[in-house]
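A.B. asks: This is the structure I want to talk about, given as structure tokens.
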Amino acid sequence: MKTLTLAPISAVSGEVHLPGSKSISNRVLLLAALAEGQTEITNLLDSDDVRYMLNALTALGVDYQLSTCRTRCTVQGLAGLFKSDHLTDLKPLELFLGNAGTAMRPLTAALAASDVNVTLVGEPRMYERPIGHLVDALAGWQADIDYMQNSGFPPLHIKGKALQGGKIAIDGSISSQFLTAVLMVAPLLQGDSEISIIGDLVSKPYIDITLALMQRFGVTVKHNNYQNFSITGQQTYQSPGACLVEGDASSASYFLAAAAIKGGSIKVTGIGKHAVQGDIYFADALAAMGADVEWGDDYIQVTRNTLTGIDRDYNAIPDAAMTIATTALFATGDTVIRNVYNWRVKETDRLAAMATELRKVGATVEEGHDYLKISPPAKLKHASIATYNDHRMAMCFSLVALSDTAVTIEDPDCTAKTFPDYFNVFKQLSR
Ligand SMILES: O=C(O)C1=C[C@@H](OP(=O)(O)O)[C@@H](O)[C@H](O)C1
Ligand SMILES: C=C(OP(=O)(O)O)C(=O)O
């Protein structure tokens, strides 16, 4: 297996122009495909998750032109749902979506309402990530979806057809991506829809991204405090013409944390105080730990200060919260990361993986059902960090090199899911 050993880094500083947000890239590609008109997307993320979405759109007959650097894409919208006219084979069309939640979940809903016969397949881990809450909700609209292996999990066989809409309920307690999926397809159904939430909706800021982008494509959703959502049917998304993808706020977290731990200062550009991604509030958590944070319209800058552990609820920012776990190694006192049960159903069981690897570098860790309590050691130990095919495990543990101890990252190329160039960018900021 390939490994990467990072030698101790004595200081970090500089500026990073962030690659596009994964969450926005995959939403915008789907909305642009369904919209009327042509959409010119800039700062599109080039990573595995986005490639799976692009490949699926190609197979579904969507016409787009991608620049050589793969960060600009002009999409010719279908002015409605997907169709199978271009397919001659009567067998279901197989779409391979890797381990990309932002492709699997929204496409499940869009394809269930389209005139297509498809199977959605992916990597082994995708078959362990639940999708039952979404399939159950779509069943309320009479969608025809079968589990091909285990009930409640991909792979799926979808026999798409026109759906009438109407009232459905969806469980929001495991993933917000299920609600995102039904929201994005709802305006294209034959009638109006009402979606109510069962349980406590997790990862709420991702719903704000969904609603903001639907609005950008001309569709307004009414809701009362994220409990009931009303969507008018028989609409057509309208292309906004041009669409710039914000920088990825989750990817920003590693650089901002590095500055807080070891700066100098690091400035990330492509996101700022008006960004739509909830993960920008990672910078607030760093500030609460003691870092100096400056917010611009199109940048966030962090400067080193002494860090103290804090006890917080991170339900709103589960991805960036992982970066707090390794930042905790450099804080005085304990850090508690609360209300992140759904770490267990992401790229790996992130609560277990994080606890195991933090212990390898010397931390004392209490792993709860939905929290981690991390007590840093007096001195970090060198360790070979298993990354569990989880891009964020690899990126989070790069921060260990900001101590006077080296760190070895196993399978560093797993960052390809969202940030293929991560280790080069990290190196450029390091002295
Ligand atoms: O909608 C999105 O773009 C995402 C929502 C979050 O998932 P959950 O809603 O499953 O927490 C997040 O972890 C994921 O990386 C991206
Ligand atoms: C949970 C993540 O990905 P996905 O979109 O596949 O859910 C992530 O990027 O941390």
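The values are calculated or read from the model by the stated rules, or taken from the named source; none is laboratory data. This structure is a prediction, so every number in the text was calculated from the model and none was measured. So basically every Cβ, Gly included, is an ideal-geometry build from the backbone, and we count neighbours across all protein chains shown. Note: accessible area is taken over every heavy atom of the protein model, side chains too, but ligands, DNA and RNA are not part of it. Shrake-Rupley method; radii C 1.70, N 1.55, O 1.52, S 1.80 Å.
A.B. asks: Suppose we keep only residues that are under 15 Å from Thr102 (Cβ atoms) and in contact with a strand residue (DSSP E or B) (Cβ under 8 Å, 6 or more places away or on another chain) within the range 174-214. Which one would you say is farthest from ligand 1 (Cβ to nearest atom)?
C.D. replies: Val182
A.B. asks: Would it be correct to say that Lys222 is among the basic types (Lys, Arg), surrounded by fewer than 19 Cβ atoms within 10 Å (Cβ to Cβ) and in contact (Cβ under 8 Å) with a residue 12 or more places away in the chain?
C.D. replies: no
A.B. asks: If I filter the range 211-228 for residues that are within 16 Å of ligand 2 (Cβ to nearest atom) and under 23 Å from the mean Cα position of the chain (by Cα), do I get at least one hit?
C.D. replies: Checked the range 211-228: at least one residue is within 16 Å of ligand 2 (Cβ to nearest atom) and under 23 Å from the mean Cα position of the chain (by Cα).
A.B. asks: Kindly indicate whether any position in the range 290-308 is closer than 19 Å to Lys204 by Cα and either in contact (Cβ under 8 Å) with a residue 12 or more places away in the chain or assigned to a helix (DSSP H, G or I) (or both).
C.D. replies: Within the range 290-308, none of the residues are closer than 19 Å to Lys204 by Cα and either in contact (Cβ under 8 Å) with a residue 12 or more places away in the chain or assigned to a helix (DSSP H, G or I) (or both).
A.B. asks: For Lys373, only one of the following conditions fails: (1) under 20 Å from the mean Cα position of the chain (by Cα); (2) among the basic types (Lys, Arg); (3) closer than 21 Å to Ala288 by Cβ. What is its number?
C.D. replies: (1)
A.B. asks: What residue, among those in the range 297-329 that are open to solvent by 10 Å² or more (accessible area, probe 1.4 Å) and within 16 Å of ligand 1 (Cβ to nearest atom), is farthest from the chain's Cα centre (by Cα)?
C.D. replies: Of everything passing the filter in the range 297-329, Asp313 is farthest from the chain's Cα centre (by Cα).
A.B. asks: So, of the residues in the range 196-207 that are within 16 Å of ligand 2 (Cβ to nearest atom) and closer than 21 Å to Leu138 by Cα, which turns out to be most open to solvent (accessible area, probe 1.4 Å)?
C.D. replies: For the range 196-207, the residue satisfying everything is Lys204.
A.B. asks: Considering (1) of a type in the set (S, T, N, Q); (2) away from ligand 1 (no atom under 16 Å from the Cβ); (3) under 30 Å from Cys69 (Cβ atoms), say which one Thr415 fails and leave the rest.
C.D. replies: Condition not satisfied by Thr415: (2).
A.B. asks: If I filter the range 95-113 for residues that are of a type in the set (A, V, I, L, M, F, W, C), more than 16 Å from ligand 2 (Cβ to nearest atom) and over 25 Å from the mean Cα position of the chain (by Cα), do I get at least one hit?
C.D. replies: Among the residues of the range 95-113, not one is of a type in the set (A, V, I, L, M, F, W, C), more than 16 Å from ligand 2 (Cβ to nearest atom) and over 25 Å from the mean Cα position of the chain (by Cα), which makes the answer no.
A.B. asks: Would you call Ile145 over 20 Å from Leu31 (Cα atoms), open to solvent by less than 10 Å² (accessible area, probe 1.4 Å) and not acidic (Asp, Glu)?
C.D. replies: No, not satisfied.
A.B. asks: All but one of (1) buried (at least 23 other Cβ atoms within 10 Å of the Cβ); (2) within 17 Å of Ala143 (Cα to Cα) hold for Ser175, so report the exception by its number.
C.D. replies: Unmet condition: (2).
A.B. asks: Still on this structure: Do the conditions hold for Phe153, that is, is it away from ligand 1 (no atom under 13 Å from the Cβ), touching a residue at least 12 places away in the same chain (Cβ under 8 Å) and among the aromatic types (Phe, Trp, Tyr)?
C.D. replies: The answer is yes for Phe153.
A.B. asks: Being on the phi > 0 side of the Ramachandran plot, part of a loop (DSSP other than H, G, I, E, B) and modelled with pLDDT of 95 or more, is that true of even one residue in the range 178-195?
C.D. replies: no
A.B. asks: What number goes with the only condition from (1) open to solvent by 10 Å² or more (accessible area, probe 1.4 Å); (2) in contact with a helix residue (DSSP H, G or I) (Cβ under 7 Å, 6 or more places away or on another chain); (3) not basic (Lys, Arg) that Ala162 does not pass?
C.D. replies: Here Ala162 meets the rest and fails (2).
A.B. asks: Could you look through the range 393-431, keep only residues that are more than 15 Å from Val16 (Cα to Cα) and among the acidic types (Asp, Glu), and pick out the one that is nearest to the chain's Cα centre (by Cα)?
C.D. replies: This residue is Asp413.
A.B. asks: While we're here: Return yes or no: is Thr326 part of a helix (DSSP H, G or I) and either within 16 Å of ligand 2 (Cβ to nearest atom) or not assigned by the TED database to the domain that holds Ala378 (or both)?
C.D. replies: Criteria met by Thr326.
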